[in-house]
1. Any chance you could count how many residues in segment 49-103 are loosely packed, with under 13 Cβ neighbours inside 10 Å, more than 19 Å from TYR24 (Cα to Cα) and not small (Gly, Ala, Ser)?
2. Among the residues of segment 104-117 satisfying the criterion of being part of a loop (DSSP other than H, G, I, E, B) and surrounded by 12 or more Cβ atoms within 10 Å (Cβ to Cβ), which is modelled with the highest pLDDT?
3. When both residues are 6+ apart or on different chains and their Cβ atoms are under 6 Å apart, which pairs have a first residue that lies in segment 68-94 and is without any contact (Cβ under 8 Å) to a residue 24 or more places away in the chain and farther than 18 Å from GLN105 by Cα, and a second that is surrounded by 12 or more Cβ atoms within 10 Å (Cβ to Cβ) and of a type in the set (Gly, Ala, Ser)?
Amino acid sequence: ETEGNGTESEPTFSSEDGKYLGEYINKAYLTEESLNEIRTRFEEESSVKLRHFLNDEWSSKIKAAFTRQDKGDKVGENNPSLDYHVGINEKWKAVGPAHKQRFLQYQEGSGGSALSA
C-alpha cells in the first residue's frame with residue numbers, strides 16, 4: 001500500500017492486535033521502535049535473527065513439548081538421530097527432500113494440539 005506521496009505506508013496494528021500477539025510474542029518485539037528497527041535491518045540484510053521471539057510462557061511450553069518428544073524418540077542427550085522417520089506421526093509430516101533440508105510440518109486437520117506428544 002502506498003500513500004499519496006509515493007512512499008510505502010507504515011503497517012500498523014491495533015491495540016487489540018498487540019494484545020493478542022502479546023499472548024505469544026515477546027512484548028519487546030511489539031513496540032513501534034522495535035518494528036522499525038527490524039524492518040530496517042531486514043531491508044538492509046534481507047534477513048533478521050529474533051532472539052527470544054516467543055514470550056516466556058510459550059517458549060517454556062514448546063521447549064517442554066519437544067523435550068518430551070525427543071526423550072520418547074530417544075534423540076538428544078548425546079543420542080544420534082540417524083533414523084529419517086524420527087518425529088513423524090499422525091500430526092507431524094516430513095517436508096522437504098532429505099538431501100537438502102528436511103523438517104516436520106504440523107498437519108492442522110490431524111486433530112489434537114501441535115504441542116501434545
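1. Counting residues in segment 49-103 that are loosely packed, with under 13 Cβ neighbours inside 10 Å, more than 19 Å from TYR24 (Cα to Cα) and not small (Gly, Ala, Ser) gives 17.
2. Applying the first criterion (part of a loop (DSSP other than H, G, I, E, B)) to segment 104-117 yields 107, 111-117.
If we keep only those that are surrounded by 12 or more Cβ atoms within 10 Å (Cβ to Cβ) too, we end up with 107, 114-115, 117.
Values: GLN107: 88, ALA114: 62, LEU115: 63, ALA117: 46.
It comes out as GLN107.
3. VAL75/SER81
The values are calculated or read from the model by the stated rules, or taken from the named source; none is laboratory data. Not measured: the values here are computed from a predicted model. Here Cβ is always computed from backbone atoms with ideal geometry, including for glycine, and neighbour counts include all displayed protein chains.
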